[in-house]
1. Just the residues that are among the hydroxyl-bearing types (Ser, Thr, Tyr) and at pLDDT 95 or above, please, taken from the range 52-94.
2. What pairs can you find where one residue is in the range 124-142 and touching a residue at least 40 places away in the same chain (Cβ under 8 Å) and assigned to a loop (DSSP other than H, G, I, E, B), the other is hydroxyl-bearing (Ser, Thr, Tyr) and buried (at least 23 other Cβ atoms within 10 Å of the Cβ), and their Cβ atoms are less than 9 Å apart, with a gap of 6+ or different chains?
3. Name the one entry in Phe38, Phe2 that is surrounded by fewer than 22 Cβ atoms within 10 Å (Cβ to Cβ) and either closer than 25 Å to Met139 by Cα or within 17 Å of the chain's Cα centre (by Cα) (or both).
4. Please work out which residue is surrounded by the most Cβ atoms within 10 Å (Cβ to Cβ), limiting yourself to the range 67-78 and to residues that are within 23 Å of Val204 (Cβ to Cβ) and within 21 Å of the chain's Cα centre (by Cα).
5. May I ask you to verify whether Gly112 is buried (at least 24 other Cβ atoms within 10 Å of the Cβ), at pLDDT 90 or above and either small (Gly, Ala, Ser) or outside any helix (DSSP H, G or I) (or both)?
6. For the structure I just gave you, tell me whether Thr311 is farther than 18 Å from Leu212 by Cβ, modelled with pLDDT of 85 or more and polar (S, T, N, Q).
7. Do you know which residues across the range 143-166 are surrounded by 21 or more Cβ atoms within 10 Å (Cβ to Cβ) and under 20 Å from the mean Cα position of the chain (by Cα)?
8. So Gln237 fits all but one of (1) more than 21 Å from Pro145 (Cα to Cα); (2) surrounded by fewer than 22 Cβ atoms within 10 Å (Cβ to Cβ); (3) touching a helix residue (DSSP H, G or I) at 6+ places or on another chain (Cβ under 6 Å); what number is the exception?
Amino acid sequence: MFRPDTLALTALLALLTAIGPLSVDLYLPSLPAIGRDFAAEPAAVQLTISLYLIGFAAGQVAYGPLSDRHGRRPVMFAAMLIYCVATLVCALAPSIEALIAARALQAFGSSGAVVLARAVVRDLYDGPRAGRELSLMAMIMGLAPIVAPVIGSGLQAAFGWRACFVFLILAGIAAAAAVRWLLPETLRKRAHGPHAGLIASIGVVARNRGALAHIGIIAAGYGGLFAFISGSPFVLQSVQALSPFGYALSFAAASAGYILGTSLAAKLVVRWGLDRTIGWGAGALAAGGVAMVLATAVAPRAVAGFVAPMTLYLFGLGLAMPQALAGALQPFPERAGAASSLIGIVQQTVAATTGALVAQALGATAWPLVIGIAVPGAFTFAIWAMTREVRAVRRSGSGRR
């Protein structure tokens, strides 16, 4: 078992959390090929992302409160077993409808890793220290969007899209083994009583205005990210004529902005505090959206005019999102699982809706995708600016519980 308050545990939590983005980003270069294989329209293929996000949100309703009662390790291990079985079904899917359904179940499993990794951080830390840990986790996890599309494009070229899901099965088995043998139990006090049920626990969190304001920041910024994830394979490969490998490189270049943002946040948040770090990130999100609108208006088919603003957007997301997560979890040391669940429910629902709307509007231009990124960026900054007083939280000492 890894000991709490060590870099090894932080790295393990980051790698477990990376199961979620890996499951989305690995097969993105294969989306056009899946459509051709099943004779499906882009909107139908995109449902493998949107239904994934809905399944992800549904899983988070259960995992957080359950882990508050039964512990982090056993619930996360069960989630990883569900993930492995569902991923096997994805690899064997005979139709687009079967793949969509299997993706929803796959997401139900993978959501456990994300929810419970956040809960483990809240078990151990609070305040800016929690923000620092979440930033370090996000920095390590941020390698997934860079590496995954490149691996996925190679698997697609060599073996076809089903090989991507075989790869994910192996990753899921490794994650389950890590939970079983390396992850310590961090829950000190288990939830009991009339407010310990699934809905009741989430209701307690939902009545906290400061937490809701932080969740709004997370959801808005994340919505733009999933507009990019769901729309960019078609825009960059069909409208801007990139190859699957060229798309993977462009996606990786933009994702590097996220790693830069999280690495900078890990250094600054202890000195600046949560709110100031979130503010700079929200400003970068809005600026990236505005820059993308201007670049598309001037040179609509220029790849750099899309990728560079998206890099700035993801840089801002890396600055803001881990700190907003810490702010949302801060008031709930004994309901960290429920708080993490509510964050995920709202976050994934907004992301799924944004991605689906962008996919439905896609056509011969990049404008639906550009608008789907610029509007969430502007909303993130507006929420941060208008809720500063509501989100004010008491200062903590060292940040160690």
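1. Listed by number, the residues that qualify are Tyr83, Thr87.
2. Pairs found: Gly142/Ser255; Gly142/Tyr258; Gly142/Thr262.
3. Matching residue, one of Phe38, Phe2: Phe2.
4. Among those residues, the one meeting the criterion is Ser67.
5. For Gly112, the condition - buried (at least 24 other Cβ atoms within 10 Å of the Cβ), at pLDDT 90 or above and either small (Gly, Ala, Ser) or outside any helix (DSSP H, G or I) (or both) - is met.
6. Criteria met by Thr311.
7. Once the filter is applied, which keeps residues that are surrounded by 21 or more Cβ atoms within 10 Å (Cβ to Cβ) and under 20 Å from the mean Cα position of the chain (by Cα), the range 143-166 yields Ala144, Pro145, Ala148, Pro149, Gly152, Cys164, Phe165.
8. With respect to (1) more than 21 Å from Pro145 (Cα to Cα); (2) surrounded by fewer than 22 Cβ atoms within 10 Å (Cβ to Cβ); (3) touching a helix residue (DSSP H, G or I) at 6+ places or on another chain (Cβ under 6 Å), Gln237 is out only on (1).
The values are calculated or read from the model by the stated rules, or taken from the named source; none is laboratory data. In this text, all values refer to a predicted model and were calculated from it rather than measured experimentally. Cβ sites come from the backbone with ideal geometry, for glycine too, and all protein chains shown count toward neighbours.
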